[in-house]
Each structure stands twice: as C-alpha cells, then as structure tokens.
1. Considering only DSSP states other than H, G, I, E and B, which chymotrypsin sites (Phe, Trp or Tyr not before Pro) in segment 160-245 qualify as loop sites with at most 16 other Cβ atoms within 10 Å?
2. With both partners inside segment 124-230, how many of the DSSP beta bridges are antiparallel, as a percent to the nearest 5?
3. Would you work out the relative contact order for the chain, in percent, from Cα pairs under 8 angstrom that are 6 or more residues apart?
4. Which residue fluctuates the most in the chain, going by a Gaussian network model with Cα springs under 10 Å, if the choices are ASP111, ASP60, ASP176?
5. Along the charge dipole of segment 29-119, which of VAL103, GLY58, THR82 sits closest to the positive end, that is, farthest toward it, with unit charges on the beta carbon of Lys, Arg, Asp and Glu (+1, +1, -1, -1)?
6. Using modelled amide H (1.01 Å from N, peptide plane; none on Pro or chain starts), what sits under 5 Å from the amide H of THR129, excluding residues fewer than 5 places away?
7. Just to be sure I understand: with springs between alpha-carbon atoms less than 10 Å apart, which residue in GLN47, GLN31, GLN200 has the highest mean-square fluctuation in the Gaussian network model of the chain?
8. Using R₀ = 30 Å, calculate the FRET efficiency as 1/(1 + (r/R₀)^6) where r is the Cβ-Cβ separation of LEU192 and SER217; round to 0.05.
Amino acid sequence: HIGFVGIDIGAQMGVPLAALEPTIGAVVLGQTGAGLSESWSLSPSNQALFATLAHVLGRDPGAIDYAADPPVFWPELALVQTLLDRAEPLAHAATLARTPTNVLLQMAQDDEVVPNLATEALGFSLGATLVSTKPRYVVELGTRSLAAGEGLSGNFTIDNGAVTRVLYPFDPATHDVLIHVLGTEHYAHPPLPPFQVLAQDNTVGNPLAAALVQVASYLGTWYSCVSGVQSPMPTSTCAGVVRAP
C-alpha cells in the first residue's frame, strides 16, 4: 500500500526499489531513463561529466566524431556501463514489469539533462504506453491519444489482473517540470550531439501545476482502490488513472 515518487536519480533508484519491494503498488518516475553512461554522452547538461569520463577512457573529449564513432558504440563505455548495471534501472525493469505495480513516467520533451531516448527506452522496458505523441527514438513503444481530461487505466495485463503503465510527455517543459514553474533551455532543440549552445538562454513556462495534479490524481485513484483492500498483499490488482491535463 505504498506509493513512491522520484525525480531523476531518485526515480532511477525507484526502479530497483519497486522491483524488489512488494508493498509498493504505484510509482511515479519523473524525468529519468535507462543506460546511465550512454545517457551522459547524449545529455548536453552532463557534458562536463562525460568529458571527464572520456578522458579517463583515453579519448579526447574535444575530438569526438559523433557521426563516424559515436560514444554509444565505444567498447570502453560498454565496460563502464557493465560496472553500473547492478544499479541500472534497465537491469531491474524486467523484474518490475512482472509485478502488479502501477508506473507513471513523466518526460519533458527535449529534456537537456536526461535524453528522451533514455526515457523512452525505460518506458518500453516497463510496458508503458506513450500518450498523445509518437515516439522519437524507440519506435516499438505503443501509443495512445488522450483528450484533455481523459484518463487511461489498466492498460498493462499481468497474471492476476491489469495495472497502469503510462509514459506522459510534457511540451514545452524542462527537466525540472515537477519542481519549478520556470525553466531554462540552454541548447538548440532537439538536443542531439554535437550540441549547439544558444546565443541566449530561452525561458520556458513549465506546466508544474498540471504535472502535480496528474501525479496526485494517479496516486489518489490507485489508493482509493487499495485502501478498501484488507489484506496487505491483495490477490487482485488496483490500477491508478493517468489523466491528460
């Protein structure tokens, strides 16, 4: 009967936690993704971190040819990812996918911190449905259109029922859509390498209220169901409702 909300690294930690803790019935994974080391190479905001890692790997971070030799295909980077895999969200996604856990992933379109590719990959691994837009990177990701106020629930079937698995994009929005009303864009969009810094930062009005209301409604509808179940480990499932703002 426990719900979980995490953002960025907190959401990454939430994937193995929810996969291994059976009392967690609903999670919100805000602005997070899978493939940590590869995500750093595709994140404009993490280029200082990735430059340090590239230097350690014997690569010149100022001479990366993203067309002929993209970092995602570096054998050295794959070894680094292997070291991270024990805490990698993608490594625990298959386990979480088999549990009766509701999952809402919220994504800022063109996120400059966590690449949308990483979020789409995690969403696909968890069996999520992408709402109200088409996938840009993981074409296998299922989609569903929702009108304003319309809800989606119980779209993912498990052994003893159905739960909700949704990836919801906010656009325009920045990485801190669940924290701040105003965000800032520093790079040309879509933010793909080689990254181009804007001559002047762009201020973005985040749909903070809409994102928070969506989280509250989703957790509230799920808890309304589980609060009526006497057993701490119910045999039937409860599905939260994700509504389009």
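No value in this document is a laboratory result; all are computed from the given coordinates. Predicted model, so just to flag it, every value in this text is computed and none were measured. FYI the Cβ positions are ideal-geometry reconstructions off the backbone, even for glycines, and counts take in every protein chain you see.
1. When the chymotrypsin sites (Phe, Trp or Tyr not before Pro) of segment 160-245 are filtered for loop state and at most 16 Cβ neighbours within 10 Å, PHE195 remain.
2. Of all bridge pairs located within segment 124-230, approximately 65 percent are antiparallel.
3. 20
4. Comparing ASP111, ASP60, ASP176 in a Gaussian network model of the chain, the most mobile one is ASP60.
5. VAL103
6. Amide H to amide H, under 5 Å and 5 or more residues apart or across chains, THR129 pairs with ARG165, VAL166, LEU167.
7. So, out of GLN47, GLN31, GLN200, the one fluctuating most is GLN200.
8. Working: r = 34 Å, r/R0 = 1.12.
Step by step, r from the Cβ atoms, then E = 0.35.
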